[in-house]
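Below: the structure, in structure tokens.
The values are calculated or read from the model by the stated rules, or taken from the named source; none is laboratory data. Nothing here was measured: the structure is a model prediction, and the numbers come from that model. As a convention, Cβ positions derive from the backbone with ideal geometry for all residues, glycine included, and neighbour counts pool all protein chains shown. Calculation scope for accessible area: heavy atoms of the full protein, side chains included, ligands and nucleic acids excluded. Shrake-Rupley method; radii C 1.70, N 1.55, O 1.52, S 1.80 Å.
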Amino acid sequence: MKINLKHKGTMLKKKRIVSLAAIYGVLAGIGFVYLYPILYMAVNSFFSRSDLLDPAVIWIPTEISFENFVAAFNTLDFFKSFSNSLMLSIVPAVLQTAVTAVVGFGFARFDFPFKKLLFVLITITFLLPTQIMMVPRYVLFDRFNITETVWAQYLPALFGQGIKSAIFILVFFQYFSTYPRALDEAAALDGAGKVKTFLLVAIPMATGAIVLSLLFSFVWYWNETYQSNLLFGSAIQTLPLKLHSFTAQYQAIYGENASNTINESISLAGTMLSILPVVILYICLQKQFVESIERSGITGE
């Protein structure tokens, strides 16, 4: 019996080792797929022209060149483009979070005619491609002369029509539907109205949803190019828009023959500068980001 128990224990240990090795192997493969482009971009952005032309130099440059970042910094007009990106990302993210929280609370805590129908219609808007709505939206904004102004970005967020607002309404609806109604009733007994109950009871219960909405909204607004290019044109240039026309901007600064001098390292340096603020934001708020996703129920928990 003892031999059989030892044999079974040894077999279980071997199975665990094999299963763990398989899991870590899959995770390492997935991590490599995601990290390889970032590592390639980071390393090659420091390559000099001679290293780019040398096939023997692959991952470790013979000399670190910062001239690529200087050229990319000037081409992107970094400080102005960075401030424009912040202006067109932070404000809409805050407005969108505030409005979707109110809408989610209304659907979760109030009963009114056609509630289910309206909720379904809001959900359907998430399934519609952005391109379908852009032409009518542009015509509307052009009629009121708000194209090429920040209001073309702010107003949709203010009225719950920002980038993927429907998913944030669903998240807030889920949060506000889960906490006990007894808390609202206790607040009402203490003399709190609906607004006070929302601010003092509901909002503290939905901190995970707020963090999730702010972070995702910020990243989506930051990376938006199609809508921004259509509504703003050349009036307001963000970092992603500058990156989108990087070669043309480079030629405008360094002359018509500059297309012969621009190389892969300069382009990768420009890409690094454009995504660097978002990467820093994620590193600083990584803990809150993961916790907000876990609490939101997006993972199915």
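Listing for the model above:
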item: Subset of the range 122-157 that is among the polar types (S, T, N, Q) and open to solvent by 90 Å² or more (accessible area, probe 1.4 Å) - its residue that is nearest to the chain's Cα centre (by Cα); result: GLN131
item: Only one of SER48, SER83 that is among the small types (Gly, Ala, Ser) and exposed (fewer than 15 other Cβ atoms within 10 Å of the Cβ); result: SER83
item: Flag if ALA188 is assigned to a helix (DSSP H, G or I) and surrounded by fewer than 17 Cβ atoms within 10 Å (Cβ to Cβ); result: yes
item: Some residue of the range 194-204 being surrounded by 20 or more Cβ atoms within 10 Å (Cβ to Cβ), outside any helix (DSSP H, G or I) and out of contact with any Lys or Arg (no Cβ under 7 Å at 6 or more places or on another chain); result: no
item: Enumerated helices (runs of 4 or more DSSP H) restricted to the range 11-104, each holding at least 2 residues that are modelled with pLDDT under 80 and closer than 25 Å to LEU243 by Cβ; result: 49-53
item: Single condition ALA71 does not satisfy, out of (1) buried (at least 16 other Cβ atoms within 10 Å of the Cβ); (2) under 26 Å from the mean Cα position of the chain (by Cα); (3) of a type in the set (Gly, Ala, Ser); (4) farther than 30 Å from GLY193 by Cβ; result: (2)
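Residue-by-condition table, conditions (1) at pLDDT 75 or above; (2) open to solvent by 60 Å² or more (accessible area, probe 1.4 Å); (3) under 30 Å from PHE141 (Cβ atoms):
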{"site": "PHE232", "(1), (2), (3)": "yes, no, yes"}
{"site": "HIS244", "(1), (2), (3)": "yes, yes, yes"}
{"site": "ALA258", "(1), (2), (3)": "no, no, no"}
{"site": "SER267", "(1), (2), (3)": "yes, no, no"}
{"site": "SER274", "(1), (2), (3)": "yes, no, yes"}
{"site": "PHE289", "(1), (2), (3)": "no, no, no"}
{"site": "SER292", "(1), (2), (3)": "no, no, no"}
{"site": "THR299", "(1), (2), (3)": "no, yes, no"}
